[in-house]
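Data block below; observations after.
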């Protein structure tokens with residue numbers, strides 16, 4: 001829990017605080033139009049063309065002079081990795097949230113969009129869109145708190161296995177898309193006998209089919225198309241997926257697990273009002289400061305606070321909304337956590353290291369308006 005102090009908002013202040021957040025959302029939604037549609041179409045085109053360029057450069061090893069082979073391979077892997085990041089972060093994540101459903105374009109329909117990752121969009125809609133965004137940082141309700149892999153808050157139960165979590169954290173970062181893929185399956189249920197392995201296999205069938213398609217595409221089809229450059233393309237695709245995994249892990253952890261990000265007990269959601277929900281989103285999230293390029297490559301999750309307040313508003317609007325939200329927080333004395341990626345991720349690393357050892361849980365507040 002954060003050690004910062006914050007005064008409790010009176011019922012009248014809380015109501016006015018919520019009304020200002022509601023008003024900002026209403027003004028933004030009323031202004032949506034062609035520039036937002038043009039933006040997401042350009043992102044879609046950038047994903048497709050960068051994927052083509054990356055794969056072409058990986059294939060170019062067939063014709064490149066020997067001295068340029070490594071340059072072509074590395075450039076291809078990096079560009080393909082950037083394409084996968086853009087597909088997952090600024091295109092897939094935001095479209096799946098329904099941010100562009102108002103366009104009526106089937107390419108950007110949040111209920112049917114599928115992305116370039118081993119996990120299915122359907123699972124993500126459940127674990128992320130519903131559970132995480134509804135119960136953000138609530139213990140026992142938000143599975144994203146440590147992803148059942150890491151202990152990063154003192155309120156989480158310590159076990160001796162946590163001593164090795166710095167190693168788990170590195171493995172989790174490298175394989176992050178797989179963690180996302182199996183998150184909703186809760187594989188541990190089969191080990192303790194809550195469900196049979198046959199039941200787990202049935203539940204896992206869509207994920208297994210999606211994973212198989214992704215593996216065949218990246219590690220069989222495209223390498224085979226390269227002929228004698230099979231292993232060059234295979235390893236290039238492996239590096240591209242690794243780049244995407246580590247970047248996504250870093251961005252998501254920076255948005256939720258910094259030093260001042262708060263977690264909450266289950267009781268907080270009982271009779272929780274909309275303004276209290278807004279406060280919980282703000283107090284449990286962290287922003288990243290940086291350039292426009294950083295915002296785009298993070299899927300605008302560099303504005304994690306604004307995303308948690310307005311998950312179905314097009315993310316390209318968050319940069320405009322952020323100063324308004326920050327000013328509202330300043331006037332009502334609400335913590336608004338932001339910092340550089342280096343600074344925020346260093347706090348995440350500290351949490352992972354610190355809470356690998358036993359620690360006494362800090363008391364969790366029963367209301368989000370207190371800290």
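Taken together, the values in this text are just the output of simple stated rules run on the coordinates, not laboratory data. Quantities reported herein were computed from a predicted structural model and do not represent experimental measurements. We place every Cβ from the backbone using ideal geometry, glycine too, and count neighbours over all the protein chains shown.
Laid out as a table, the results:
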| read-out | value |
| --- | --- |
| Cα gyration tensor of the stretch 2-124 - equivalent ellipsoid semi-axes, whole Å, descending | 42, 20, 13 |
| Packing rank of 167-180, 230-243, where each peptide gets the mean count of other beta carbons within 10 Å, highest leading | 230-243, 167-180 |
| Likely footprinting exposure, 118, 29, fewest C-beta neighbours within 10 Å first | 29, 118 |
| Distance (nanometres) between label positions extended 7 Å along Cα→Cβ at residue 335 and residue 25 | 2.3 nm |
| Semi-axes of the equivalent ellipsoid for the stretch 158-224, Cα gyration tensor, largest first, Å | 26, 21, 7 |
| Ellipsoid semi-axes in whole angstrom, largest first, where each is sqrt(5λ) of the Cα gyration tensor of the chain | 36, 26, 20 |
| Rg(Cα)/(2.2 N^0.38 Å) for the stretch 198-288, N = residue count | 1.72 |
| Rh (Kirkwood; distinct C-alpha pairs) - the stretch 127-273, Å | 17.8 Å |
| Peptides ranked, highest mean first, by Cβ atoms within 10 Å: ranges 184-191, 148-155 | 148-155, 184-191 |
| Theoretical FRET efficiency, 1/(1+(r/R0)^6), r = Cβ-Cβ of residue 201 and residue 269, R0 30 Å, to 0.05 | 0.35 |
| Cβ-based exposure ranking for 349, 85, in which fewest neighbours within 10 Å come first | 349, 85 |
| Three-way shape call for the stretch 237-338 based on the alpha-carbon gyration tensor, with the a/c threshold at 1.5 | prolate |
| Mean-position separation - Cα centroids, the stretch 65-96 and the stretch 192-227, in angstrom | 23 Å |
| Two-site FRET efficiency, residue 158 against residue 122, from Cβ-Cβ distance with R₀ of 35 Å, rounded to 0.05 | 0.55 |
| Estimated distance in nm for a label pair at residue 221 and residue 35, the labels positioned 7 Å out from Cα along Cα-to-Cβ | 3.8 nm |
